[in-house]
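Below: one structure, written as structure tokens.
The values are calculated or read from the model by the stated rules, or taken from the named source; none is laboratory data. Worth saying up front: this structure is predicted, and the values here are computed from it rather than measured. Every residue, glycine among them, receives a Cβ derived from its backbone with ideal geometry; neighbour counts consider all protein chains shown.
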Amino acid sequence: MNVESASNEFRRRYGRHPDVVAAAPGRVNLIGEHIDYNDGCVLPFAISQRIVAAASLDDSGQVHAFSAALDSDAAFSVDVNQPGKPSAWDNYVRGMVAGLRERGARIDGAQLWIGGDLPPGSGMSSSAALCVSTGLALANLANVDVSQRDMALMAQKSEHKFAGTPCGIMDQFASCFGRKDHTILLDCGRLAHEYVPFVPAGVAILAIPSGVRHDLAEGAYEKRVKSCKEALQAIAEDFPGTRSFRDVTIDMLSASRPRMSSETFKRARHVVTEFTRVTKAVGALRGNDLPTLGTLLWETHASLRDDYEVSCEEIEEMIRTLRRHDDVLGARMVGGGFGGIVLAMVADSAADDVIRTLESSYYLPRQIKDRPFVVKPSAGASVISTC
């Protein structure tokens, strides 16, 4: 999806060229799952697949948006002063318009065309990319200066307030701050970050779609957020001064186990052990120790499956297939859970064979059109054209 094709699609829809085209990438989180909203450190990277927003302002009093990527041939219009009732993907657009208007942007009407090659519900943060690309395009047109950090926070607020998903900041931050050939070591509690080089030699990183689409707003995500809060409150009763999971050790968690249900304990155990795995993964990256990194991916998946319980049978079938292949160094499910993608680190020379194995054992029997593809750390969001 380039500027020319986005402009042509906008013109086909609205009969004119857009005034700006912006793009924001999805992300893959190498490790550090479900700890972003627990003040943890995570290790995502932006990918080349992205959402593109072509836009123009007008004085119609309406925001007209058309999606060719998130919901096939879907369109909506909303009064800029009355956001209206929530309904699917347009919540994210509504949230970004509201956020910009709160910052003084004069948006009296707009036309939006949204496309790209980042599939929705895939576990690669299409919603964050939608928010950021839309926000960038409209901010540019309204001459409002929004920093990368503030854009990420505004996009997160859009997900919270308008889409009803109590997500952490990782997805939006990675979409804004991505850098080619680097992961982002993001401290979600302090919103501090540093870049860690990631140009693995001799291996490919595969994103393997399950064909199972998740919807985090259905409640499972919120239940786990609640369980983590309950666990932290229980630990604080035994260890006063405990303010977040970054203060918690596995011994502290074990000591407070009688204060929480078995389910709550398991949720917290995933969080505490995942904190440790992220630290080890950073060391493995800096030491170019890919076998250790692969082992940590397997361990994270087991924790997500057994303690956080966000896997599903389709994902587990993929993991079993990958486990049997000698050239897979490590793999895990990525994203909120219950579908989405599996991330696998495989030997370069074996990538095609791994894909063929998955095609014959998983994709063809289910008649799923999606196929695994290579992902690489890529640049973050930007305005790519002012037409």
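If only one of Gly202, Gly168 is in contact (Cβ under 8 Å) with a residue 60 or more places away in the chain and surrounded by 20 or more Cβ atoms within 10 Å (Cβ to Cβ), which one is it?
Criteria check complete, one pass: Gly168.
From the list Ala331, Ala284, Ala347, Ala381, which residue is over 24 Å from the mean Cα position of the chain (by Cα), modelled with pLDDT of 95 or more and crowded, with 16+ Cβ neighbours inside 10 Å?
Ala347
Mind listing whichever residues of region 231-276 are among the acidic types (Asp, Glu) and crowded, with 16+ Cβ neighbours inside 10 Å?
Within region 231-276, just Glu274 meets the criteria.
Could you say whether any residue in region 54-73 is touching a Phe, Trp or Tyr at 6+ places or on another chain (Cβ under 8 Å), at pLDDT 90 or above and more than 24 Å from Gln148 (Cα to Cα)?
no
Are any of the residues in region 226-249 under 18 Å from Glu33 (Cβ atoms), outside any helix (DSSP H, G or I), of a type outside the set (S, T, N, Q) and at pLDDT 95 or above?
Yes, the conditions are met somewhere in region 226-249.
Of the residues in region 304-339, how many are assigned to a helix (DSSP H, G or I) and either polar (S, T, N, Q) or closer than 22 Å to Leu43 by Cβ (or both)?
Total meeting the criteria: 8.
Taking region 1-57 only, how many residues are of a type in the set (S, T, N, Q), part of a strand (DSSP E or B) and surrounded by fewer than 24 Cβ atoms within 10 Å (Cβ to Cβ)?
3
Out of the residues in region 110-130 that are in contact (Cβ under 8 Å) with a residue 60 or more places away in the chain and farther than 25 Å from Arg371 by Cα, which is surrounded by the fewest Cβ atoms within 10 Å (Cβ to Cβ)?
Gln111
For Ala350, all conditions in the list (1) more than 20 Å from Asn29 (Cβ to Cβ); (2) not in a helix (DSSP H, G or I) hold save one; what is the number of the exception?
If we test Ala350 against (1) more than 20 Å from Asn29 (Cβ to Cβ); (2) not in a helix (DSSP H, G or I), just (2) comes out false.
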